[in-house]
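The values are calculated or read from the model by the stated rules, or taken from the named source; none is laboratory data. Quick caveat: nothing in here was measured; it's all calculated off a predicted structure. We place every Cβ from the backbone using ideal geometry, glycine too, and count neighbours over all the protein chains shown. Calculation scope for accessible area: heavy atoms of the full protein, side chains included, ligands and nucleic acids excluded. Shrake-Rupley method; radii C 1.70, N 1.55, O 1.52, S 1.80 Å.
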Amino acid sequence: SRRPGNSPAGKRPESGRPESDPPRTSPEQTEPNNVIDKDLLEILACPETHQPLREATAEEVAALNAKVEAGGLTNVGGAKVEEALDAGLVREDGKIAYPIREDIPVLLIDEGIALG
């Protein structure tokens, strides 16, 4: 019988995560929402510039959704954004965000939202 601290090969039997992975905590305002699987995020890229993407912070998503609610947000294609974002992916240069809706990233150039 094993005691909780003596798990083999650096694994926590109860979670299956290596001990080096910190336990997940609720995201803070400046933390990503962790909607997209980390491995998937590593291969996703901006469809226009091919720059890497990162998850938008809760604060960034809230700011975009406030603009959606106020009716003042348009996408790169010029269409008014009428649906709140569940989450988002931000291009490495911080200039464009792509919406995530129902856990699906919408990586179409015209659906990008200019930031700043």
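At-a-glance table
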{"read-out": "Solvent exposure ordering (accessible area, 1.4 Å, most first) of Ile43, Ile36", "value": "Ile43, Ile36"}
{"read-out": "Spread of Cα-to-Cα distances over 10 Å intervals beginning at zero, given as percent, for segment 37-116", "value": "20, 58, 21, 1"}
{"read-out": "Residues Asn34 and Lys95, FRET efficiency given R0 of 30 Å [Cβ-Cβ distance, rounded to 0.05]", "value": "0.85"}
